[in-house]
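Colleague: I am attaching a structure below and will ask some questions about it afterwards.
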Amino acid sequence: MITQEQIKALQERTASLKRYLDIDGKRVEVEEEELRTHVPDFWNDQKAAEAQMRKVKALRFWIEGYEEVASLVDEVVLGVDFVKEELITEAELDDLYARALDKVEKLELRNMLRQEEDKMDVVMKINAGAGGTEAQDWASMLMRMYLRWAERHGYKTSIAHLLEGDEAGIKSVTIDITGDYAYGYLKSENGVHRLVRVSPYNAQGKRMTSFASVFVTPLIDDTIEIKLDPACISWDTFRSGGAGGQNVNKVESGVRIRYQYKDPYTGEEEEILVENTETRDQPKNRENAIRNLKSIELQHRRAEQRKIEDSKMKIEWGSQIRSYVFDDRRVKDHRTNHQTSDVNGVMDGDLDAFIKAFLMEFAGSEQQ
């Protein structure tokens, strides 16, 4: 059975959340913001109206989230008396405490996501490293891992571009992941991932090491304005499709956008290349490609602000952020030292403990 000390600690964390989140202030603010939506001509400017509704929704999220936590904690406190009166069992009280603690921790984590882009959707690109089939198979395993993670959290996914491997696996893939705060959570995955295992593709059954890189950028929306110089943009089109037969697209619906510009931080001439074959509709693919390009440009804006990335998150071969050692049944994050022996669970998308450890250690520095 839980102790009085545990209950007291839970109450203190809940009281701290109320202060950190300024729930009383948000209650006043949401009333004021909702009044703005009641004016007769509110929907005349649809873009402004939608932005206002998002603002109200965000305020309500924090208020309702806190109220749910406070209600659960109150139930735990009452539950102690119910146990004494034999109205509920100790096991039921322990379960109630576990639910309350889980809600508190999730709200605490969400409170760490304060960057403007944290609430946004994600563009994730996975590239196989050197090593041929083994590395390409590893890249496909990572793709499945993140698709399973997204499924666990109710996020929608779509494959924007996929380049299959020569024999197995994939050379690269670009995935759009849609859901509240998807970027805030998945930014922890940005870096090089290292696999150590006895390779099924090695005739001698040798232990092999493979690498794949994961690049994560926020999929920006209209709440952040990114201006691109049209003179710096050029387009190519190409046919998209599968290996043959009915899967081959006879129309050049695939698009490739090149954006040549001078990096404002380094002064060097650079080119961003984005491909999109998400749909068989070329105009839609162009729209998606522009959105992805803006997402990458936003990352350039943030480059100077992210002190963590300079020392902890460089995307270089050999500077892996996480190792997956299958034979030893160990997955370890080298930035936080968090590790687990549940390799199968991790590869099936159970990444929340790693994400939590990252946010607990780095979110504060990121917001400075």
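The values are calculated or read from the model by the stated rules, or taken from the named source; none is laboratory data. Source: prediction; values computed, not measured. Backbone-built Cβ (ideal geometry, glycine too); neighbour counts: all protein chains shown. Calculation scope for accessible area: heavy atoms of the full protein, side chains included, ligands and nucleic acids excluded. Shrake-Rupley method; radii C 1.70, N 1.55, O 1.52, S 1.80 Å.
Colleague: Those residues that are at pLDDT below 95 and in a loop (DSSP other than H, G, I, E, B), I need them from the range 338-368; list them, please.
Modeller: Q367, Q368
Colleague: Could you identify the single residue in L21, L35 that is in contact with a Gly (Cβ under 9 Å, 6 or more places away or on another chain) and not polar (S, T, N, Q)? Spell out how you get there, then give the answer.
Modeller: Working: L35 fails: in contact with a Gly (Cβ under 9 Å, 6 or more places away or on another chain).
One residue alone meets the criteria, L21.
Colleague: A follow-up question, please. Does A168 meet the test of being assigned to a loop (DSSP other than H, G, I, E, B), farther than 23 Å from M120 by Cβ, open to solvent by less than 60 Å² (accessible area, probe 1.4 Å) and at pLDDT below 95?
Modeller: Numbers: assigned to a loop (DSSP other than H, G, I, E, B): yes; farther than 23 Å from M120 by Cβ: yes; open to solvent by less than 60 Å² (accessible area, probe 1.4 Å): yes; at pLDDT below 95: yes.
Yes; evaluated as a whole, the condition is true for this residue.
Colleague: Can you report the number of residues in the range 185-200 which are open to solvent by 30 Å² or more (accessible area, probe 1.4 Å) and at pLDDT 90 or above? If you could, list the steps in order and put the result at the bottom.
Modeller: Within the range 185-200, the first condition is being open to solvent by 30 Å² or more (accessible area, probe 1.4 Å), and the residues that meet it are 185, 194, 198, 200.
Filter again for at pLDDT 90 or above, leaving 185, 194, 198.
Number of matching residues: 3.
Colleague: Another question, then. In this structure, is Y146 within 18 Å of the chain's Cα centre (by Cα), among the hydroxyl-bearing types (S, T, Y) and open to solvent by 10 Å² or more (accessible area, probe 1.4 Å)? Steps first, answer last, please.
Modeller: Working: within 18 Å of the chain's Cα centre (by Cα): yes; among the hydroxyl-bearing types (S, T, Y): yes; open to solvent by 10 Å² or more (accessible area, probe 1.4 Å): no.
Spelling it out, it is not the case that Y146 is within 18 Å of the chain's Cα centre (by Cα), among the hydroxyl-bearing types (S, T, Y) and open to solvent by 10 Å² or more (accessible area, probe 1.4 Å).
Colleague: Counting only residues that are touching a helix residue (DSSP H, G or I) at 6+ places or on another chain (Cβ under 8 Å), not hydrophobic (A, V, I, L, M, F, W, C) and not in a loop (DSSP other than H, G, I, E, B), how many does the range 115-140 have?
Modeller: Looking only at that region, the number is 2.
Colleague: How many residues does the range 1-52 hold that are surrounded by 15 or more Cβ atoms within 10 Å (Cβ to Cβ) and touching a Ser or Thr at 6+ places or on another chain (Cβ under 8 Å)?
Modeller: Count: 2.
Colleague: Out of all the residues in the range 112-128, is one or more under 18 Å from the mean Cα position of the chain (by Cα), in contact (Cβ under 8 Å) with a residue 40 or more places away in the chain and farther than 27 Å from F362 by Cβ? Before the answer, list the steps.
Modeller: Residues of the range 112-128 that are under 18 Å from the mean Cα position of the chain (by Cα), as a first pass: 112-127.
Add one more test, that the residue is in contact (Cβ under 8 Å) with a residue 40 or more places away in the chain, and what stays is 112-127.
Okay, now just the ones that are also farther than 27 Å from F362 by Cβ, so none.
Among the residues of the range 112-128, not one is under 18 Å from the mean Cα position of the chain (by Cα), in contact (Cβ under 8 Å) with a residue 40 or more places away in the chain and farther than 27 Å from F362 by Cβ, which makes the answer no.
Colleague: Still on this model: Going by what's in this entry, would I177 be described as under 29 Å from L109 (Cα atoms), open to solvent by less than 60 Å² (accessible area, probe 1.4 Å) and assigned to a strand (DSSP E or B)?
Modeller: On the way: under 29 Å from L109 (Cα atoms): yes; open to solvent by less than 60 Å² (accessible area, probe 1.4 Å): yes; assigned to a strand (DSSP E or B): yes.
Yes; evaluated as a whole, the condition is true for this residue.
Colleague: Just one of A182, A203 is free of Cβ contacts under 8 Å to residues at least 40 places away in the same chain, of a type in the set (A, V, I, L, M) and either at negative phi or surrounded by fewer than 23 Cβ atoms within 10 Å (Cβ to Cβ) (or both); which is it? Walk me through it before giving the result.
Modeller: Numbers: A182 fails: free of Cβ contacts under 8 Å to residues at least 40 places away in the same chain.
Only one candidate qualifies: A203.
Colleague: Is there a residue in the range 54-62 that is of a type outside the set (S, T, N, Q), surrounded by 17 or more Cβ atoms within 10 Å (Cβ to Cβ) and in contact (Cβ under 8 Å) with a residue 60 or more places away in the chain?
Modeller: No, that holds for no residue.
Colleague: I've got another one for you. May I ask you to list the residues in the range 182-219 that are assigned to a loop (DSSP other than H, G, I, E, B) and within 13 Å of the chain's Cα centre (by Cα)?
Modeller: Residues of the range 182-219 assigned to a loop (DSSP other than H, G, I, E, B): 190, 199-206.
Once the filter is applied, which keeps residues that are assigned to a loop (DSSP other than H, G, I, E, B) and within 13 Å of the chain's Cα centre (by Cα), the range 182-219 yields only N190.
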